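Mind having a look at this structure? Questions to follow.
The values are calculated or read from the model by the stated rules, or taken from the named source; none is laboratory data. Being a predicted model, the structure only gives us computed values, none of them experimental. For neighbour counting, all protein chains shown are included, and Cβ atoms are generated from backbone atoms with ideal geometry for every residue, glycine included. Just the protein is used for accessible areas: all its heavy atoms, side chains included, with ligands, DNA and RNA removed. Shrake-Rupley method; radii C 1.70, N 1.55, O 1.52, S 1.80 Å.
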Amino acid sequence: MTETNATEGCWPHSMLWYATPAEKYIEHGLPLGNGELGGMVVAGHATDRVALNHEWLWRGKGRHRDVEEKWPHLAEVRRLFFEGKVLEAGTLANDTLGGQGGVLAREGKPNRVDPYQPAGDLIAETGHADVTDYRRELDLDRATVTVSYRTGGSGYTRQYLTHAAYPVLAARFRTDGGPFPLRLCLRRIDDPDCTLRTFAEGNELGLVGQFPEGVRFAVVARVLTDGTIEAEAASATMRLRARDTLVLLSIAVDLDGQRDPLQSARDQIAAAPNDWDTLLRTHVDTHRDLYRRVSLDVGDERPHVPTDVRLAAARGSSPERPAPGAPDEGHGQDGRGAHGRDARAAADEGLLALYFNFGRYLLIASSRETGVPANLQGLWNEELDPPWQSDIHQDVNVQMNYWPAEPCGLGELTGALFEHLERFAPHAREAARKLYNCRGVWMPIQTDPWGRATPESRGWDVWIGAAAWLSQHLWQRYEWSLDTEFLRTRCYPYLKEVAAFFEDYLVPHPTKGYLVHVPSQSPENRFAGGTSPVSLCVSATMDVELTQDVLRHAIAAAEILGVDAELRGTWREILRNLPPLRTGRHGQLQEWLEDYEEAEPGHRHISHLYALYPGDGITLEETPDLARAARASLERRLSSQGGHTGWSRAWTVCCWARLREGDLAREHLRRLVLDFATDALLDLHPPRIFQVDGNFGGTAGVCEMLLQSHRGVLRLLPALPGAWANGTVRGLRGRGGFVVDLEWRDGQPLQVRVVSQHSAPCRLRHPRIGGASLTCADQPVRAETLTHDCVEFLTEAGRMYELRW
């Protein structure tokens, strides 16, 4: 299996590099992060800017917001819906159950979700403008950014890392020549709402800030050098002349007046090693423990070609090509659009492998040992008023951020998401009661880290599916780990609360006889005759699918734990009475209980395909009719210019992989990279907004192309594209605690290794599975043939099982 030896060379497809300086944050910045502290390195010739963030630095205006009692309006909303007065019912629901903001923002009623804030910038200036051999790189395997060049006959390097074990950012500036001038300063964007003090004293730079709501923060940089230091207090600047300089920087945030952030930042620096070699070695070793769990080798590395040049070649040189992140009106049914037809574009499969690894890197950087889940921009934001507040969006975005965690062997990084759910639980119970008169928990469609479950965006926020969707990550943590203690103490209690909400929320339909969700929505879509910008209705398909998943998983968990037999009966009865998923007039999977006319056929969300992916209620084997309908829905979306955001295109990749259309999955992955990534491979939402979820969704899509493990079966190379005829992937994880290495040639498996982390049966599926020999420690292993393409065998924990063709 994969190794983690830090002395090995660079991991495959793990280097982003450029021969030109960075100019813009989103277009060219290279991200660093350790979950708590983030830095975006915008490196030029003479000047580097490191834009700094801390996971807990948010404005606090809405920290204590509350939810009003609104449930008495629910009966009238439901009466109108059942009478077929969809527009009137939806309007009343928005007016009585929704929050402020959203469509009311134009009336000066913005929502109360707080924005994620920048901490400041570290500026390093050398004055070296006339340089040769310039190179800036992000080494994903070492989690370091390096700038190197030559000028005046000497070589210079500027290197940055955010330490994987200590809460510090370290920067080193050195030369192989004589001492050179270096100017350092800390600054923050002009912010009239922030009281700011900067200082430069001895070998220390710093800034201390406070917002009116009481949130305080400090950024401290300590400088260690072999040369001279001159601190300029008035300008909060430090001037050095040295051959070798080390800067240790830390950020601390105080939310409740419990600690001095300045002293905390100083203490964090004091606890870290103060020499570069030790910092680098301990950082790389710790980082690689996660990063090297998976390796992917498809396509060539092209080490001598800068990443932006590779992107340009893959995009083609057409001058009319729209900028990445802009809507592409040429998308056809296969999603290729004008770019896919450009004969000048060069296929570069290794670039797709690099994008896959970059997604894993970003997940590690934004979610390592942190208490706040990755937000819309992960960990990185330079704006006081970022798009959508850079919030925690809970109708696909934060969920997509964690799609690759389990299959990439990074399941422990979901801890921040689970802490988020548990932090919200007390207020989420209050919200469920006050909004809908239900037990259990209700979570909002958008929020911040403060644990307040409140509807905040009129026109979008009347939706009851967020808690259900988020709870599935708890179940998946159990599926991959089989940790019964986690199931007992964290997963099942939350599933049970979500189930309790649906027990109370569902009501009988007066004419159809089903138990239905009223009101309901398919985020964030609308239909003809419904409310706008989002149409409310009776039992949108996604809410049905989410309820099915929650109840099925709650039943399974209760059976494993041997508890709540009576409740299991209640949940089974609810499942029997939910509306079935339906096929509409176009052969598509209906998005709503009624086959409404779509007002926006190319909508960015494909919420009703949740059961195809990331759920598993729709499969090719067990529900072929629904799988065909899901495919028809996907094709209709794409034929109407769907998939026009980065995250939406990433979801499309995952859905094609579940439908085992490898070539289509690969083509949409390619479009994701070429149409919705900056030169730094950061994902874009039109018009050019950095939104990290597409990076994570694309990485999850690659996992689904190479290994699927839902419904109790490990599917080997289920959606392998023709362009990836030869390759290897090592370290992918499957449900049931299996670690899988795959090697294939000419599109067919050559060797598969499976390590079982638990003594459990293993089912493998592939059309050629019958032709493989199965051994363990060179001894034959008996496998039972279940179908022509599926075998099962018993495993022992820790043993490796090998298949060869």
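Count the net charge of all other residues whose Cβ sits under 14 Å from the Cβ of Pro493, scoring Lys and Arg as +1 and Asp and Glu as -1. Don't jump to the answer; show the numbers that get you there.
Values: positive: Arg429, Arg439, Arg477, Arg488, Arg490, Lys496; negative: Glu422, Glu485, Glu497, Asp564.
Neighbourhood net charge equals +2.
Still on this structure, please answer the following. Quick one: divide the alpha-carbon radius of gyration of segment 183-314 by 2.2 N^0.38 Å and tell me what you get.
Working: Rg = 19.9 Å, N = 132, 2.2 N^0.38 = 14.1 Å.
That ratio works out to 1.41.
Using a/c under 1.5 as the rounded threshold, could you call segment 586-734 rounded, prolate or oblate? The axes a ≥ b ≥ c are square roots of the C-alpha gyration tensor eigenvalues, and prolate needs a/b larger than b/c, oblate otherwise.
Numbers: a/c = 1.93, a/b = 1.06, b/c = 1.82.
Oblate, since a/c reaches 1.5 and b/c is not below a/b.
Using a cut-off of 13 Å between alpha-carbon atoms, which aspartates and glutamates can reach Lys512, once sequence neighbours fewer than 8 places away in the same chain are excluded?
By straight Cα distance, Lys512 reaches Glu83, Glu594.
Further question: What chymotrypsin sites (Phe, Trp or Tyr not before Pro) does segment 7-51 have in DSSP loop regions with at most 11 other beta carbons within 10 Å? Present the calculation step by step, with values, prior to reporting the outcome.
Numbers: sites: Trp17, Tyr18, Tyr25; in loops: none.
Here no loop site has a sparse enough neighbourhood.
Any of Lys85/Lys109; Lys61/Lys434; Lys61/Lys109 with alpha carbons more than 25 Å apart? Name them for me.
On the way: Lys85/Lys109 28 Å; Lys61/Lys434 22 Å; Lys61/Lys109 14 Å.
In this structure, Lys85/Lys109 exceed 25 Å between Cα atoms.
What ³J(HN,Hα) values, in whole Hz, does the Karplus curve 6.51 cos²θ - 1.76 cosθ + 1.60 give for segment 557-565 when θ = phi - 60°, with x put for Gly and Pro?
With coefficients 6.51, -1.76 and 1.60, one gets 5, 4, 5, 4, 7, x, 10, 6, 4 Hz.
Arrange the peptides 306-314, 664-672 so that the one whose residues have, on average, the most other Cβ atoms within 10 Å appears first. Let's see the in-between values first.
Working: 306-314: 18.0, 664-672: 25.3.
The peptides rank, most packed first, as 664-672, 306-314.
For helix 86-97, what angle does its Cα long axis make with the longest principal axis of the chain, in degrees from 0 to 90 and rounded to 10?
For 86-97 against the chain, the angle is about 50 degrees.
OK, next. Residue by residue through segment 597-602, what is 3J(HN,Hα) from phi via Karplus (6.51 cos²θ - 1.76 cosθ + 1.60, θ = phi - 60°)? Round to whole Hz and write x for glycine and proline.
These are the phi-based 3J(HN,Hα) values: 6, 6, 6, 9, x, x Hz.
Given the convex hull over the Cα atoms of segment 580-652, what projected area results after averaging over all orientations, in nm²?
Working: hull surface 18.3 nm².
For segment 580-652, averaging the hull's shadow over all directions gives 4.6 nm².
On to the next question. What is the sum of charges, Lys and Arg at +1 and Asp and Glu at -1, for the other residues whose Cβ falls under 10 Å from the Cβ of Asp391? Walk me through the numbers before you get to the answer.
On the way: positive: none; negative: Asp114, Asp448, Glu456.
With Lys, Arg at +1 and Asp, Glu at -1, the neighbours total -3.
A further question follows. Only loop residues by DSSP count here, and only those with at most 14 other Cβ atoms within 10 Å; note down the GluC sites (Glu not before Pro) in segment 775-805 that meet that. Could the numbers behind the result be given before it?
On the way: sites: Glu784, Glu792, Glu796, Glu802; in loops: Glu796.
Hits after loop and neighbour filter: Glu796.
Turning to a different aspect of this structure: Grab the DSSP H runs of the chain that are 4 residues or longer, score each as -39,500 (n - 2.57), total them, divide by all residues and round the 222 nm result to the nearest 500 deg cm²/dmol.
Values: 18 runs with 232 residues, N = 805.
So the helix-based figure for the chain works out to -9000 deg cm²/dmol.
Angle between the Cα long axis of helix 693-706 and the longest principal axis of the chain, 0 to 90 degrees, nearest 10?
Taking the Cα atoms of the chain, the angle to 693-706 is about 70 degrees.
Let me ask something else. Can you pull the percent of segment 191-252's accessible area that's carbon plus sulfur, 1.4 Å probe, other chains left in place? Display every interim value, and only then the final one.
Working: 1150 of 2530 Å².
It is 45 percent, rounded to a whole number.
Just the number please: accessible area per residue for segment 528-623, 1.4 Å probe, all protein chains included, in Å². Walk me through the numbers before you get to the answer.
Values: 3290 Å² over 96 residues.
Per-residue accessible area for segment 528-623 comes out at 34 Å².
Another question about this same structure. Quick one: 3J(HN,Hα) in Hz for segment 733-741, Karplus 6.51/-1.76/1.60 with θ = phi - 60°, rounded, Gly and Pro as x.
Along segment 733-741, the couplings run 10, x, 4, x, x, 10, 10, 10, 10 Hz.
Note down the net charge around Gly747, summing +1 for each Lys or Arg and -1 for each Asp or Glu among other residues with Cβ under 14 Å from its Cβ. Intermediate results must be reported in sequence, preceding the final value.
Details: positive: Arg660, Arg666, Arg745, Arg768; negative: Glu349, Asp663, Glu743, Asp746.
Residues close to Gly747 contribute a combined charge of 0.
What does the highest-first list of 502-510, 289-297 look like by mean Cβ count within 10 Å? Don't jump to the answer; show the numbers that get you there.
Working: 502-510: 17.3, 289-297: 21.3.
Those peptides, ordered most packed to least, come out 289-297, 502-510.
Can you find, among Ile251, Leu138, Ala466, the residue sitting farthest towards the positive end of the charge dipole of the chain, where Lys and Arg contribute +1 and Asp and Glu -1 at Cβ?
Ala466
Quick one: grab the alpha carbon gyration tensor of segment 740-802, order the square roots of its eigenvalues as a ≥ b ≥ c, and give me rounded if a/c is under 1.5, else prolate or oblate depending on whether a/b is larger than b/c. The partial results should precede the final answer.
Details: a/c = 1.79, a/b = 1.29, b/c = 1.38.
It is oblate, given that a/c is not under 1.5 and a/b is not larger than b/c.
Further question on the same structure: In whole percent, what relative contact order does the chain give with Cα contacts below 8 Å and a gap of six or more residues? Show your work: numbers first, answer last.
Values: 1924 pairs, mean separation 107.9, N = 805.
Reported relative contact order: 13 percent.
Still on this structure, please answer the following. Return the carbon/sulfur percentage of the accessible area of segment 27-173, one whole number, probe 1.4 Å, all protein chains in place.
Numbers: 2390 of 4970 Å².
Ligands and nucleic acids excluded, carbon and sulfur reach 48 percent.
Angle, helix 646-658 long axis vs. longest principal axis of the chain, Cα atoms, 0 to 90°, nearest 10?
50 degrees
With every protein chain kept in place and ligands, DNA and RNA left out, what is the accessible area per residue of segment 38-180? Probe 1.4 Å, answer in Å².
Values: 5160 Å² over 143 residues.
Per residue, segment 38-180 has 36 Å² of solvent-accessible surface.
Right, here's the next one. Using per-residue counts of other Cβ atoms within 10 Å, averaged over each peptide, order 743-751, 408-416, 763-771 from highest down.
Working: 743-751: 15.4, 408-416: 21.1, 763-771: 17.2.
Listed from highest to lowest mean packing, they are 408-416, 763-771, 743-751.
Positive end of the charge dipole of the chain (Lys, Arg +1 and Asp, Glu -1 on Cβ, about the Cα centre): tell me which of Pro493, His668, Gln159 has its Cα farthest that way.
Towards the positive end, the residue furthest out is His668.
A further question on this structure: Tell me which residues come under 5 Å, amide H to amide H, from Gly33 once H is placed; ignore anything under 5 positions away on its chain.
Amide H neighbours of Gly33, under 5 Å, 5+ apart: Gly39, Thr162.
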